[in-house]
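Everything on this sheet refers to the single structure shown next.
The values are calculated or read from the model by the stated rules, or taken from the named source; none is laboratory data. Since the structure is predicted, the reported quantities are computational estimates derived from the model, not experimental observations. Here Cβ is always computed from backbone atoms with ideal geometry, including for glycine, and neighbour counts include all displayed protein chains. With ligands, DNA and RNA removed, areas are computed over all heavy atoms of the protein, side chains included. Shrake-Rupley method; radii C 1.70, N 1.55, O 1.52, S 1.80 Å.
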Amino acid sequence: MSTQKSNFKVSSRLARRILLERQGLCHAPHLKQSKDDLLQLVSRLGFVQVDSVNTVERAHHMILFARNQTYKRQHLAALIEKDRHLFENWTHDASIIPTEFYPVWKRKFERDGEMLRQRWQKWRREGFEEILDDILGHVKENGPAMSRDLASNEKKSNGGWWDWHPSKTALEYLWRTGQLAVTRRENFQKVYDVYERVIPYSHRTGKIKNSELVDWCCRAALDRLGLATPGELAAFWGVISAGEAKTWAERQGKDLPRVEVEAVDGSRPREALADPTVLDLRDDDIAPPSRLRVISPFDPVIRDRKRLQRLFNFDYRIEIFVPAPKRKYGYYVFPLLEGDRFVGRIDMKRNPKTNALDVLNVWWEPGVKPSKQRFKALQSELARVGKFASCMDVQFSTGIAN
């Protein structure tokens, strides 16, 4: 990379505060949020990941609630299903994305088409390619459809949730390549329609070149991270390759400042590109709320586990796919953020029988004192989360105390 301002050092404290601020976690979480405010938040984040696991509440709702406790699910639904200001497709995973970015995703659809064909031929059930035109024609003629509407005559498999029937695979392929769009969800199941009936005309008519795609992805990622290596720029959207981002940094991004970002453990600093606006910042110029907050395992701030370790000294792993006897913590454990530090993690779930939020265990990080004040802050946060998840009470397992 270029060496413009390469001797400029950014402390780990400032680096993590820049990341928290760019990712919406430095704004007052109690201020009333309108639907327009929510749209601005999603745009600031870039996308919000969607995941099917629902131990307390769906990941996208938890991500948005962590940033504003007045967040309303109906506002998100309206922005997606009525206003069409947001749409659902793929970044590094299934995500909710501002529709103004759709021209970028049109280019991604073109790039992904052949890659998905080759990949899915190996691990999806055979036969989906032969019915792509039929499935697309059915939706065009009959309107929105769900996977279950098209699978009644297909042989069922005992292969698990990942072993899709051919029509489900066809629907997903048509969605991932932009020929279909998700018009809404019913009980979290996708309802597909042709993209012309979902994406507003003003957004689906734009077209960009490949060079414009790479430039947009890198600049838009840097704007949302503040500091990033080329690899981190590429990984942010999951749209371009690390090689493309590296070439961009050496050419189009050659005039951007380069800085040395220090690690919290004192290890060797890493060179990164910087948004020029961060160069005049000091540690105390960004002040995240001191409130203790529950963070989703799919929150964008913790998605890059190496960056999380480097800037926050927080070693986190989601253990959904780890056999129960080998789990260090639990099936679906939430990090706990206090100010600009991850101070612990919590295993909890909504109990449908008692309508309570059951807290199974809490682990505080080394060096974090489990004081009465901190435990009281945790109780206050769990009361907020419990109310958001429509729980009537918060129940702590025996032995959990300050």
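Applying 0.36 nm per residue to the separation of Ala383 and Arg291 and subtracting their alpha-carbon distance, the gain on full extension is 31.8 nm. Only protein heavy atoms count here; under a 1.4 Å probe, Glu232 has an accessible surface of about 20 Å². Using R0 = 25 Å, the C-beta based FRET efficiency linking Glu100 and Lys254 works out to 0.35.
Sorting Arg317, Arg258, Arg13 by solvent-accessible area of protein heavy atoms yields Arg317, Arg13, Arg258, largest first, with a 1.4 Å probe. Where in region 257-298 is the amide nitrogen less than 19 Å from a point lying 7 Å along the Cα-to-Cβ axis of Phe321? Residues 297-298 qualify, since their backbone N sits under 19 Å from the label point.
Could you look at region 11-145 and say what percent of its accessible area is carbon and sulfur, using a 1.4 Å probe and all protein chains?
Details: 2530 of 5720 Å².
The nonpolar share, carbon plus sulfur, comes to 44 percent.
Cross-link reach is defined here as a Cα-Cα straight distance under 15 Å, omitting same-chain residues fewer than 8 places apart; for Lys72 the aspartates and glutamates meeting it are Asp36, Asp37, Glu57, Glu81.
Here the extension length gained between Ala151 and Asp284 equals 42.2 nm, from 0.36 nm per residue of separation less the Cα-Cα distance.
Which entries of Lys349/Lys387; Lys106/Lys207; Lys35/Lys387 show an alpha-carbon separation above 18 angstrom in the structure shown? Could you put the intermediate results ahead of the total?
Working: Lys349/Lys387 13 Å; Lys106/Lys207 7 Å; Lys35/Lys387 20 Å.
The answer is Lys35/Lys387.
Calculated [222 nm] ellipticity per residue, helices only, for the chain: -11500 deg cm²/dmol; basis is -39500 (n - 2.57) per DSSP H run with n ≥ 4, divided by all residues, nearest 500.
Normalising by the residue count of the chain, find the relative contact order in percent from Cα pairs under 8 Å and 6+ residues apart.
Working: 657 pairs, mean separation 78.7, N = 402.
Relative contact order for the chain comes out at 20 percent.
By the Kirkwood approach, averaging reciprocal distances over each pair of separate Cα atoms, region 21-133 gets a hydrodynamic radius of 15.9 Å. Between Arg44 and Glu130, full extension at 0.36 nm per residue minus the direct alpha carbon distance yields a gain of 26.9 nm. Summary of the geometry: region 193-233 and region 342-402, compared by the centres of their Cα atoms, lie 38 Å apart. Between Ser390 and Gln74, the modelled labels are 1.3 nm apart [label points 7 Å from Cα along Cα→Cβ]. All alpha carbon pair distances within the chain were sorted into 10 Å bins beginning at 0; the resulting P(r) in whole percents reads 4, 20, 29, 27, 16, 4, 0.
I'd like the carbon and sulfur percentage of the solvent accessible area for region 220-367, probe radius 1.4 Å, heavy atoms only, ligands and nucleic acids excluded.
Working: 3220 of 6740 Å².
After summing per-atom areas, the C and S share lands at 48 percent.
The residues of the chain present an accessible area of 48 Å² per residue when probed at 1.4 Å with all protein chains retained.
With each label modelled as a point 7 angstrom along the Cα→C-beta vector, the Glu212-Lys140 pair spans 2.7 nm.
Viscosity 1.002 mPa s, temperature 20 °C: give me the Stokes-Einstein translational D for region 273-402 in µm²/s, with Rh taken as the Kirkwood radius over C-alpha pairs. Estimated via Stokes-Einstein, D reaches 132 µm²/s.
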